[in-house]
Amino acid sequence: MNITRKLWSRTADGKAVYKYKITNSKGASVVLCNIGAGIVSVNVPDKDGKLADVCLSYRKPESYFHDGPCLGKCPGRFANRINAGKFTLAGKKYSVPVNCGPNHLHGGPEGFANQVWESRKRNGGVEFKYVSADGEMGYPGNLVVVARYVWTENNELQLSFTAKTDAETVVNLTNHAYFNLNGKGSVLRHYLKLNASEYLATDDTLIPVGEPENVAGTPMDFQNAKTLGRDIRKDFPALNYGKGYDACWCLDGYMKGQLQEAAELYSKTSGRVLKVFTTQPGIQVYTGNWLGGCPVGKNGRIYKDYDGVALECQHFPDSPNRPEYPCVTLKPGKIFHEAIIYAFGTL
């Protein structure tokens, strides 16, 4: 496995922004960046063996800071939404910034995705480290997070998160890469299958309401593969709120710490397949409903709505306020550990 590091730019305060390229013996590669511990590109073969980049990214490094789509990066300290930016932990009330309508999203305006992480090559992979100070974006505890990426000979991108804290806090980490298995154009003809018979219905600000609901008979049913575009225009609350899919599905058979298949995405056009495995209980599927108007992509590409789909393995939104959900509390002396695997292949 060949790993190279290149200085991409420097921030106004002098921090070095690096790109890391990992290439396997077959020539397939990934490019990573230490802004938000992000995925910049994934070059994998189609059914004819032709390599193409299947991950959306920006042309300029500065575009990665404070972008709306959170393109390719790892949001935190709490990915997804917290209702009204408020939660109670160990009897104490906390307020975190409201930055998405009336709610807190992806750790706030200065969350992990907008930070330059420490980075290094280590043991055949690339590690990114971020130290979040006590009180940063309103969260308690000094939190140390490491995101480690490994690229395999079988075209699997393995991402593991570990974190530790010196005070009780909440943590929810994911990656927000957008995939397009054709390398360009709309993803609405991509097929998606989810290992999920239930999803979280929400209010119009995308905060979950009530108990998980069965997907049967609704546009949210991906238990059998169907195209992303088949039902996306239907008159259904979860689709109307976000101009497409932007919801969290509850993975069937979830067991803490156990890796399982969450999703399968494929394109009949390119023949590429992406299988996603995770230890996390949920997967947020976002069909890039608001990609239009985001910064210019690589090679000068102008992204349009639905040009990529994000498959965000994570804990459920608003979990700090929902004790019935899988726990997102991290205590001193304990280690947060979750994993996501993006396995690329062909039909």
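The values are calculated or read from the model by the stated rules, or taken from the named source; none is laboratory data. The structure presented is a predicted model; accordingly, all values stated were derived computationally and were not measured. Neighbour counts run over all protein chains shown; Cβ positions are idealised from the backbone, glycine included. For the accessible areas, the whole protein counts, side chains as well, though only heavy atoms, and no ligand, DNA or RNA atoms are used. Shrake-Rupley method; radii C 1.70, N 1.55, O 1.52, S 1.80 Å.
Take residue 300 and decide whether it is at pLDDT 95 or above, more than 22 Å from residue 77 (Cβ to Cβ) and exposed (fewer than 15 other Cβ atoms within 10 Å of the Cβ). Considered against the rule, which asks whether it is at pLDDT 95 or above, more than 22 Å from residue 77 (Cβ to Cβ) and exposed (fewer than 15 other Cβ atoms within 10 Å of the Cβ), residue 300 comes out as no. Filtering region 123-136 to residues that are part of a strand (DSSP E or B) and farther than 16 Å from residue 173 by Cβ leaves 125, 126.
Residue 288: farther than 20 Å from residue 194 by Cβ, outside any strand (DSSP E or B) and modelled with pLDDT of 95 or more, yes or no? When the stated conditions are applied, residue 288 does not pass them. Evaluation of residue 274 against the conditions (1) outside any loop (DSSP other than H, G, I, E, B); (2) open to solvent by 20 Å² or more (accessible area, probe 1.4 Å) shows that the sole unmet condition is (2).
How about region 311-347: which of its residues are open to solvent by 50 Å² or more (accessible area, probe 1.4 Å) and either under 21 Å from residue 265 (Cβ atoms) or in contact with a helix residue (DSSP H, G or I) (Cβ under 7 Å, 6 or more places away or on another chain) (or both)? The answer is 321, 346, 347. For residue 293, the conditions (1) open to solvent by 10 Å² or more (accessible area, probe 1.4 Å); (2) over 17 Å from residue 309 (Cα atoms) are fulfilled apart from (2). Among the residues of region 253-280, just one is charged (D, E, K, R), in contact with an Asp or Glu (Cβ under 8 Å, 6 or more places away or on another chain) and closer than 30 Å to residue 335 by Cα, namely 275. Restricting attention to strands (runs of 3 or more DSSP E) lying wholly within region 1-105, give those where 2 or more residues are without any contact (Cβ under 8 Å) to a residue 24 or more places away in the chain and crowded, with 18+ Cβ neighbours inside 10 Å. Counting at least 2 such residues, we get 16-23. Residue 210 satisfies every condition listed in (1) modelled with pLDDT under 95; (2) over 15 Å from residue 248 (Cβ atoms) except (2).
Taking region 120-136 as the range and being crowded, with 19+ Cβ neighbours inside 10 Å and farther than 20 Å from residue 165 by Cα as the test, the residues that pass are 125, 126. Counting the residues of region 111-122 that are assigned to a loop (DSSP other than H, G, I, E, B) and touching a Cys at 6+ places or on another chain (Cβ under 8 Å) gives 0. Regarding residue 281, is this residue in contact with a Pro (Cβ under 6 Å, 6 or more places away or on another chain) and open to solvent by less than 30 Å² (accessible area, probe 1.4 Å)? So residue 281 passes the test.
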